[in-house]
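**Student:** Here it is: the structure, laid out below.
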Protein chains: 2
Amino acid sequence: MERIPILKMGEFLLVTIQIDMHDRLALTLQDDLTSQIALHGSRGVLIDISSLEMVDSFIGRMLGSIAGMANLLDAQTVVVGMQPSVAITLVELGLSLPGIRTALDVEKGMMALQAAVQESERANGSSEL
Amino acid sequence: MERIPILKMGEFLLVTIQIDMHDRLALTLQDDLTSQIALHGSRGVLIDISSLEMVDSFIGRMLGSIAGMANLLDAQTVVVGMQPSVAITLVELGLSLPGIRTALDVEKGMMALQAAVQESERANGSSEL
């Protein structure tokens, strides 16, 4: 069965989206990702979309639900590698990807995730005894 | 144009192969990868094949040439995430992927790369003045 691989890197998970998403693949990805977050106690998810030349409202919604689900499992999500033309089209279409954090590349995304994780720990007071 | 994204992570590059390779895609990947190694002075390449359910002699040769090219550019290559069934088929077909280093997952692959880079530095004496 076709599925998108999820790579564990320390306390983060990395997903590279390379192929056209359709309903079932998106559902499988959501299932796999939430299971992996729960299994490893991951604190963050990086989604690389650098090979996507188009992001439509379906993908936008999918990214939004992944970020929402991850958030409920106490993990932060950052979308990385968006092509400039994709950003232009998204704004022209009026899609602003609400609730989705973005970064230019994987390295910057990791830094953003680390900052977000620390911030959420401070907010939850989980660093206190 | 269809191409496989290459993610820079520190001094290493990460490639996830998710789609069926054909001649032109393999050539594009080799071109992109060697340019990126030269551009960033990368010391290692991680190739994740966890979503491949079959590795034939074409993919085996491609992995071999990538490892060879990277080596000439002073970068080490590790293939990670091979499915157990793929390993069985490869041995049954008599394909042992000569010259290709493997590791179970990305994290173990990174450790193997770090070790390989240190070893090659010792061998080259590049840590001397």
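**Student:** Which of (1) over 12 Å from the mean Cα position of the chain (by Cα); (2) part of a loop (DSSP other than H, G, I, E, B) is the odd one out, the single condition B:L97 does not satisfy?
**Tutor:** For B:L97, the exception is condition (1).
**Student:** Additional query: Can you find a residue that is modelled with pLDDT of 95 or more, closer than 23 Å to B:D105 by Cα and not aliphatic (A, V, I, L, M) anywhere in the stretch A:46-54?
**Tutor:** yes
**Student:** Restricting to the stretch A:89-105, count the residues that are within 14 Å of chain B (Cβ to nearest Cβ) and either within 17 Å of A:G64 (Cα to Cα) or in contact with a Cys (Cβ under 8 Å, 6 or more places away or on another chain) (or both).
**Tutor:** 1
**Student:** Filter the stretch A:74-88 for residues that are surrounded by 15 or more Cβ atoms within 10 Å (Cβ to Cβ) and either at positive phi or out of contact with any strand residue (DSSP E or B) (no Cβ under 9 Å at 6 or more places or on another chain) (or both) and give the result.
**Tutor:** Of everything in the stretch A:74-88, those that are surrounded by 15 or more Cβ atoms within 10 Å (Cβ to Cβ) and either at positive phi or out of contact with any strand residue (DSSP E or B) (no Cβ under 9 Å at 6 or more places or on another chain) (or both) turn out to be A:D74, A:G81, A:Q83, A:V86.
**Student:** Could you go through the stretch B:109-127 and let me know if any residue there is within 29 Å of A:E2 (Cα to Cα) and charged (D, E, K, R).
**Tutor:** No: zero hits.
**Student:** Could you grab me the full set of residues in the stretch A:64-94 that are closer than 19 Å to A:Q18 by Cβ, in a strand (DSSP E or B) and polar (S, T, N, Q)?
**Tutor:** The answer is A:T77, and nothing else.
**Student:** I would also like to ask the following. Which residue is farthest from A:L113 (Cα to Cα), if the candidates are limited to the stretch A:31-44 and must be of a type in the set (A, V, I, L, M, F, W, C) and buried (at least 20 other Cβ atoms within 10 Å of the Cβ)?
**Tutor:** Only one residue fits best here, namely A:L33.
**Student:** In addition: When you scan the stretch A:106-113, do you find a residue that is part of a helix (DSSP H, G or I) and either away from chain B (no Cβ under 14 Å) or over 16 Å from the mean Cα position of the chain (by Cα) (or both), even just one?
**Tutor:** yes
**Student:** Would you check if there is a residue in the stretch A:23-30 being more than 14 Å from chain B (Cβ to nearest Cβ), surrounded by fewer than 18 Cβ atoms within 10 Å (Cβ to Cβ), on the phi < 0 side of the Ramachandran plot and within 12 Å of the chain's Cα centre (by Cα)?
**Tutor:** There is at least one residue in the stretch A:23-30 that is more than 14 Å from chain B (Cβ to nearest Cβ), surrounded by fewer than 18 Cβ atoms within 10 Å (Cβ to Cβ), on the phi < 0 side of the Ramachandran plot and within 12 Å of the chain's Cα centre (by Cα).
The values are calculated or read from the model by the stated rules, or taken from the named source; none is laboratory data. What you are looking at is a predicted structure, and each value in this text was computed from that prediction instead of being measured. Backbone-built Cβ (ideal geometry, glycine too); neighbour counts: all protein chains shown.
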